1. Under the condition of being surrounded by fewer than 15 Cβ atoms within 10 Å (Cβ to Cβ) and in contact (Cβ under 8 Å) with a residue 24 or more places away in the chain, which residue from region 181-196 is nearest to the chain's Cα centre (by Cα)?
2. Which members of region 27-53 meet the condition of being within 16 Å of the chain's Cα centre (by Cα) and part of a loop (DSSP other than H, G, I, E, B)?
3. With respect to Lys178, is the statement that it is open to solvent by 60 Å² or more (accessible area, probe 1.4 Å) and part of a helix (DSSP H, G or I) true?
4. Check Ala2 against each of (1) in contact with a helix residue (DSSP H, G or I) (Cβ under 7 Å, 6 or more places away or on another chain); (2) over 25 Å from Met225 (Cβ atoms); (3) surrounded by 17 or more Cβ atoms within 10 Å (Cβ to Cβ); (4) of a type in the set (Gly, Ala, Ser) and name the one condition it does not meet.
5. Any residue that is among the hydrophobic types (A, V, I, L, M, F, W, C), buried (at least 20 other Cβ atoms within 10 Å of the Cβ), in contact with a Pro (Cβ under 7 Å, 6 or more places away or on another chain) and over 25 Å from Leu228 (Cα atoms) - is there at least one of those in region 143-159?
6. Please indicate, with yes or no, whether at least one residue in region 198-217 is part of a strand (DSSP E or B), open to solvent by less than 30 Å² (accessible area, probe 1.4 Å) and at pLDDT 95 or above.
7. Anything in region 131-163 that is β-branched (Val, Ile, Thr) and not in a strand (DSSP E or B)? List them, or say none.
Amino acid sequence: MAFGDLKTPAGLEQLEAFLADKSYIDGFTPSQADVAVYKSLQGPFYPNVARWFSHIASYESEFGSLPGDASKSATEYGAGAASAPAAAPAAAPAAAAEDEDDIDLFGSDDEEEDAEAERVKAERVAAYNAKKANKPKTIAKSVVTMEVKPWDDETDMKELEAAVRAIEMDGLVWGASKLVPVGYGVSKLQITLVVEDELVSLDELQEKIADDCEDYVQSSDIAAMQKL
């Protein structure tokens with residue numbers, strides 16, 4: 001069943017349920033399906049939608065080059081629409097395995113060990129090593145839920161959030177946020193972010209929040225973290 005109007009609570013609930021066990025709208029990598037749904041959304045979001053939204057936001061500079069049909073609308077995707085194409089990526093590992101099976105590094109046991117056989121073996125080893133070297137490196141990312149506590153009930157939470165979001169680091173993308181009451185008129189800021197694991201240290205980020213936002217922030221904690 002395709003998604004309904006994603007600007008309505010019913011449409012968002014459909015998307016929330018769909019993303020409960022999925023990282024992408026269609027298949028196993030970002031595509032134009034994710035771009036179409038991303039552009040049709042308006043916050044606030046449910047937890048699964050917020051996780052997915054923050055992750056897709058980190059690809060915003062690559063939207064134009066992602067695979068898929070850019071002419072399709074968000075309402076053309078959903079559980080029924082995504083099931084058929086989702087099987088396609090499975091062909092890629094199979095093809096890769098088949099290609100590697102075709103590379104015989106050492107030749108047949110019966111092959112005569114002469115100069116020509118050694119030359120052929122060396123060429124095959126070189127081709128195999130070149131193929132492995134050209135494989136794109138996977139960028140490890142994590143989606144993090146951070147809680148930021150103010151000094152007291154007189155702290156301006158809008159200014160606190162603006163100060164936190166003003167912090168910029170390579171590999172850091174801020175996502176959805178909300179205020180969570182903790183008692184006595186005090187609320188804490190709960191904010192989602194996506195980080196590239198090799199570029200962003202969460203300890204350094206928390207130290208930067210403490211230094212740059214000391215007028216507003218008493219402390220910060222990592223409430224949840226999940227690898228993408």
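The values are calculated or read from the model by the stated rules, or taken from the named source; none is laboratory data. What you are looking at is a predicted structure, and each value in this text was computed from that prediction instead of being measured. Methodologically, a virtual Cβ is constructed for each residue, glycine included, from the backbone with ideal geometry; neighbour enumeration extends over all protein chains shown. What goes into the accessible areas is simple: the full protein's heavy atoms, side chains included, and nothing from ligands, DNA or RNA. Shrake-Rupley method; radii C 1.70, N 1.55, O 1.52, S 1.80 Å.
1. Initial filter on region 181-196 (surrounded by fewer than 15 Cβ atoms within 10 Å (Cβ to Cβ)): 181-185.
Adding the requirement that they be in contact (Cβ under 8 Å) with a residue 24 or more places away in the chain leaves 182, 184-185.
Working: Val182: 30, Tyr184: 37, Gly185: 35 Å.
In this case the residue turns out to be Val182.
2. Gly27, Phe28, Thr29, Pro30, Ser31
3. Details: open to solvent by 60 Å² or more (accessible area, probe 1.4 Å): yes; part of a helix (DSSP H, G or I): no.
For Lys178, the condition - open to solvent by 60 Å² or more (accessible area, probe 1.4 Å) and part of a helix (DSSP H, G or I) - is not met.
4. (3)
5. Just the residues of region 143-159 that are among the hydrophobic types (A, V, I, L, M, F, W, C), to begin with: 143-144, 146, 148, 151, 157.
Next, from what is left, pick out any that are buried (at least 20 other Cβ atoms within 10 Å of the Cβ): 143-144, 146, 148.
Among the residues that remain, those that are also in contact with a Pro (Cβ under 7 Å, 6 or more places away or on another chain) are: none.
Checked against the condition, which is being among the hydrophobic types (A, V, I, L, M, F, W, C), buried (at least 20 other Cβ atoms within 10 Å of the Cβ), in contact with a Pro (Cβ under 7 Å, 6 or more places away or on another chain) and over 25 Å from Leu228 (Cα atoms), region 143-159 yields no hits at all.
6. So in region 198-217, the residues part of a strand (DSSP E or B) come out as 217.
So of that shortlist, the ones also open to solvent by less than 30 Å² (accessible area, probe 1.4 Å) come out as 217.
Okay, now just the ones that are also at pLDDT 95 or above, so 217.
Yes; the residues of region 198-217 include at least one that is part of a strand (DSSP E or B), open to solvent by less than 30 Å² (accessible area, probe 1.4 Å) and at pLDDT 95 or above.
7. We begin by selecting, within region 131-163, every residue β-branched (Val, Ile, Thr); these are 138-139, 143-145, 148, 155.
Listed by number, the residues that qualify are Thr138, Ile139, Thr155.
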